[in-house]
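Engineer: Can you read through this structure? Questions will come right after.
What follows draws every value from the coordinates through simple rules; no lab data is involved. Worth saying up front: this structure is predicted, and the values here are computed from it rather than measured.
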Amino acid sequence: MQSTTKKEVGFQGISKFFRNVQAELKKVNWPNRKELTTYTIVVIVTVLVLAVVIFFWDSLLTLFFNLLGFYQ
């Protein structure tokens with residue numbers, strides 16, 4: 001079975017690729033400023049909450065293992 005499309009050569013293929021990328025980026029539904037601010041705040045709060053949770057569990061486990069005598 002033969003391919004019906006001819007392989008692009010050199011700069012023709014590269015330029016076609018970037019034209020296709022540009023066309024796809026025009027289809028993207030970009031967030032507005034309010035949505036972007038909301039999403040950014042959600043990400044920062046989530047990271048901070050997870051950091052506190054990990055710090056809490058790390059401190060608790062460190063205390064537990066110190067009491068068991070693993071760290072000396």
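Engineer: If you stretched the chain out fully between residue 39 and residue 12, how much longer would it get, using 0.36 nm times the residue separation minus the C-alpha to C-alpha distance?
Structural biologist: Working: separation 27, 0.36 × 27 = 9.72 nm, distance 3.90 nm.
Result for the pair: 5.8 nm of gain on full extension.
Engineer: A further question follows. Just the number, please: Stokes-Einstein D of the stretch 31-72 in µm²/s, Kirkwood Rh from C-alpha pairs, 20 °C, 1.002 mPa s.
Structural biologist: Numbers: Rh = 12.5 Å.
Answer from the Stokes-Einstein relation: 171 µm²/s.
Engineer: Under a 10 Å cutoff between Cα atoms, tell me which one of 54, 41, 14 has the largest fluctuation in the Gaussian network model of the chain.
Structural biologist: 14
Engineer: Using 0.36 nm per residue of separation minus the Cα-Cα distance, give me the extension gain between residue 20 and residue 50 in nm, one decimal. Please list the in-between numbers first.
Structural biologist: Details: separation 30, 0.36 × 30 = 10.80 nm, distance 3.92 nm.
Working it through step by step, the gained length comes to 6.9 nm.
Engineer: With springs only between Cα atoms under 10 Å apart, run a GNM on the chain and tell me which of 48, 61, 36 wobbles the most.
Structural biologist: Top of the fluctuation ranking is 61.
Engineer: Here is a further query. When Rg is the radius of gyration of the Cα atoms in the chain and Rh is its Kirkwood radius, what does Rg/Rh come to?
Structural biologist: Details: Rg = 26.4 Å, Rh = 18.2 Å.
For the chain, the value is 1.45.
Engineer: So what's the back-of-envelope 222 nm ellipticity for the chain, counting only DSSP H runs of four-plus at -39500 (n - 2.57) apiece and dividing by all residues, rounded to 500?
Structural biologist: Working: 2 runs with 53 residues, N = 72.
Value at 222 nm, helices only: -26500 deg cm²/dmol.
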